[in-house]
Amino acid sequence: YDDSLTIYQSGVFTCLLENANGCRATDTISAIYHKTPLLSLYAIPDKCLNEADFPLDSFADPKGGVWRAQDTIVVLNNAFLLSKAVVKPYMLFYDYTDSTTTCSNSASITFTVKKVPDIVLLSPLSYCDEDRLIDLSAHVSPQNGYWDTLHPAIVNAHYFNPHLAALVSNPLSYQVDSSNGCSNLLLIDYIINPTPEADFTADSLQGQSPLTVQFTNLSVISAGNLHYLWYFGDGDSSVLEDPSHVFLNTGSYDVRLIAVSDSLCRAERTKSKFIEVFTSLPDLLTGAVSVYPNPAQDQLIIESTSKLDKVILYNFLGAKIRETDANNESKINLERGKLPSGLYLLKMFDKNGDVYVYQVVFK
């Protein structure tokens, strides 16, 4: 009179019941045993943390079951979400139910999510538009990676040319590989700032001391503002855009202009011997000596009412460059020879001891 029975094989079973009066009753049942589904799980290769999420169904046979994990957030709709994983081993479970028999089975498998190498950008890439090479190794950590040399601005593996980078907008690509087979790729944007062009002019390039010169700034830049620093060659400087300067001493002066943008890109222009300052001329004895043509091309003609003793030619700095014996002539021709174009001082001595000074120009 047990309430339940346990059977261990398929078959037809009959239950016989007999009471005290000898009356009997029977009933028959059929029992069918179905086999437990046989599951096969295929090895899931270890994954790098920065890989894409991937489906799990291809790793089970038969398909159609349900995947789950101890960390429930990493499995959704039978896909493993690497975007929500961390670096560690993961155990996955596969539950399968045979739709025809409703019999179920479960299996488990383990794989590891691996660490990817870290890449740190140590400093931003911001440069002036210049044709030069910059070693990019100091900008990234670690330094054992490699740059994508297909970028037109990458030269000789890890050198960067800002001028070439200004011609394209592609970011730089830096990749680091680790010993566990994982790689990391960092896309790095850069800024190329315009470089100014420095130039200037002046209202007077030569004259007697003291010489006041008004400088005009001709520097330009494609975008942004410029700041200026002038060096006049005599020890003085200025930060004005269009300065005026007084040259007190005789001499030849190199003038240098430095133009600096808001992003600290700079350009400079130096003009050698740009300003020439000479001494004031003494009062001339008029009517006694004539010098022509002035300016002259090949020669100067000197005529005097008295006999000339000698003629000396000086440059504008006062250095003697030629002395000619007049031999008591009242008219002589002074050949230019190989003298460069410019301003000269001509000093003439006559037999009476008088001295005549003229300012002459060879074209």
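The values are calculated or read from the model by the stated rules, or taken from the named source; none is laboratory data. Treat the numbers as computed from the prediction; the structure is a model and nothing was measured. Ideal geometry is used to build each Cβ from the backbone, glycine not excepted, and the neighbour counts take in all protein chains shown. SASA here: full protein model, heavy atoms, side chains in, ligands and nucleic acids out. Shrake-Rupley method; radii C 1.70, N 1.55, O 1.52, S 1.80 Å.
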Take the residues in segment 237-255 that are at pLDDT 90 or above, outside any loop (DSSP other than H, G, I, E, B) and surrounded by fewer than 19 Cβ atoms within 10 Å (Cβ to Cβ), then tell me which one is farthest from the chain's Cα centre (by Cα).
Val246
Are any residues in segment 183-196 in a loop (DSSP other than H, G, I, E, B) and crowded, with 20+ Cβ neighbours inside 10 Å, and if so, which ones?
Thr195, Pro196
Kindly indicate whether any position in segment 104-112 is open to solvent by less than 50 Å² (accessible area, probe 1.4 Å), touching a residue at least 60 places away in the same chain (Cβ under 8 Å), within 30 Å of Tyr33 (Cβ to Cβ) and among the hydrophobic types (A, V, I, L, M, F, W, C).
yes
Please give the number of the condition Val357 fails out of (1) under 20 Å from Gly251 (Cβ atoms); (2) of a type in the set (A, V, I, L, M); (3) modelled with pLDDT under 85; (4) out of contact with any Pro (no Cβ under 9 Å at 6 or more places or on another chain).
(4)
Segment 221-249 residues that are without any contact (Cβ under 8 Å) to a residue 24 or more places away in the chain, paired with ones that are among the polar types (S, T, N, Q) (beta carbon under 8 Å, 6 or more apart):
Asp234/Asn249
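Taking Leu38, is it open to solvent by 100 Å² or more (accessible area, probe 1.4 Å) and in contact (Cβ under 8 Å) with a residue 24 or more places away in the chain?
Details: open to solvent by 100 Å² or more (accessible area, probe 1.4 Å): yes; in contact (Cβ under 8 Å) with a residue 24 or more places away in the chain: yes.
Yes: the conditions hold for Leu38.
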Residues of segment 197-218 satisfying the condition of being surrounded by fewer than 16 Cβ atoms within 10 Å (Cβ to Cβ), assigned to a loop (DSSP other than H, G, I, E, B) and not polar (S, T, N, Q):
Asp199, Asp203, Leu205, Pro210, Leu218
Among the residues of segment 43-61, the number that are farther than 26 Å from Ser179 by Cβ, open to solvent by 40 Å² or more (accessible area, probe 1.4 Å) and part of a loop (DSSP other than H, G, I, E, B) is 0
